[in-house]
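Trainee: Take this structure, written in structure tokens, and hold onto it; I'll ask about it next.
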Amino acid sequence: MAFTLPDLPYGFDALEPHIDARTMEIHHGKHHAGYTTKLNAAIAGTDLEGKSIEDILANASQHGNAVRNNGGGFYNHSLFWEIMSPDGGGEPTAQMNISKAIDRDFGSFENFKKEFSAAAGTRFGSGWAWLCTDSSDKLFVTSSPNQDNPLMDVADKKGTPILGLDVWEHAYYLNYQNRRPDYVAAFFNVINWHEVTKRYNDANPGAMQ
Ligand code: MN
């Protein structure tokens, strides 16, 4: 079974003014589509066909750069569309487990926002900023180069990503040009905390129930 480009869960213009429609259209229809096509080409006829993307990424170092880059690109963007919403933004409500976990592991939402924004702002060149859970259910912020992510065996810090921000220039250049910090600040207006808390709960079935 080949991997399929997932539909955007909202229209191209749904995240405006924070992320513009033209950027979304190119980002999903060209970049994400390209990673998906190239991933399928890279695994065609190999023993990776039929494996889950998580399994493939867990052994990224063994598969060569085409699988690492395009497999990462396929997974990262699939997560990225889901953790944004036109109804998003603000802070997770007190009823959401992720809210309690952020307070527990960062001290406050503001501290988390500062740390995440710094990770996104200081990632040199192309890459991603992440909020992850580790194997003891603790949250941490990290960043990765290119299309790497914390599921990969090559990651500096491994974990399960539950929130990710694309800081490649293709994600923001049309609207923000070189002003990455403005794009990072705008991202906080569209974060889908329902989806992030769902992913947190899925990664930590016993946590803070
Ligand atoms: Mn991208």
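Just so you know, all these numbers are worked out from the coordinates, no wet-lab data involved. It should be emphasised that the depicted structure is a prediction, and the values quoted were computed from it without experimental measurement. Cβ atoms come from the backbone with ideal geometry, glycine included; neighbour counts cover every protein chain shown.
Trainee: Checking Leu174 against (1) within 16 Å of the ligand (Cβ to nearest atom); (2) surrounded by 18 or more Cβ atoms within 10 Å (Cβ to Cβ), which test does it fail?
Mentor: (2)
Trainee: Give me the residue from the range 190-205 that is farther than 11 Å from Gly88 by Cα and among the polar types (S, T, N, Q) and, out of that set, surrounded by the fewest Cβ atoms within 10 Å (Cβ to Cβ).
Mentor: Among those that are farther than 11 Å from Gly88 by Cα and among the polar types (S, T, N, Q), it is Asn201.
Trainee: Quick test of your reading of the structure: Ala2 fulfils all but one of (1) more than 17 Å from the chain's Cα centre (by Cα); (2) among the hydrophobic types (A, V, I, L, M, F, W, C); (3) buried (at least 18 other Cβ atoms within 10 Å of the Cβ). Name the failing condition by number.
Mentor: (3)
Trainee: Ok, one more. On the basis of being at positive phi and touching a strand residue (DSSP E or B) at 6+ places or on another chain (Cβ under 8 Å), does Asn192 make the cut?
Mentor: no
Trainee: Please go through (1) away from the ligand (no atom under 16 Å from the Cβ); (2) within 15 Å of the chain's Cα centre (by Cα); (3) crowded, with 18+ Cβ neighbours inside 10 Å for Phe140 and return the number of the only condition it doesn't satisfy.
Mentor: (3)
Trainee: Related question: How many residues are within 16 Å of the ligand (Cβ to nearest atom), in a loop (DSSP other than H, G, I, E, B) and of a type in the set (A, V, I, L, M) if we restrict to the range 17-69?
Mentor: Here the count works out to 1.
Trainee: Still on this structure, please answer the following. Identify the residue in the range 71-93 that is more than 16 Å from the ligand (Cβ to nearest atom) and out of contact with any helix residue (DSSP H, G or I) (no Cβ under 8 Å at 6 or more places or on another chain) and, among all such residues, is nearest to Trp193 (Cα to Cα).
Mentor: Across the range 71-93, the extreme among qualifying residues is Gly89.
Trainee: Take the residues in the range 191-207 that are assigned to a loop (DSSP other than H, G, I, E, B) and over 21 Å from His32 (Cα atoms), then tell me which one is nearest to the ligand (Cβ to nearest atom). I'd like the intermediate steps shown before the answer.
Mentor: Taking the range 191-207 first, the residues assigned to a loop (DSSP other than H, G, I, E, B) are 192, 204-207.
Those still in the list that are over 21 Å from His32 (Cα atoms) too: 204-207.
On the way: Asn204: 27, Pro205: 30, Gly206: 33, Ala207: 30 Å.
Among those that are assigned to a loop (DSSP other than H, G, I, E, B) and over 21 Å from His32 (Cα atoms), it is Asn204.
Trainee: Further question on the same structure: Which residue, of Ala186, Ala171, Ala155, is among the small types (Gly, Ala, Ser) and out of contact with any His (no Cβ under 7 Å at 6 or more places or on another chain)?
Mentor: Just a single option satisfies the conditions, and that option is Ala155.
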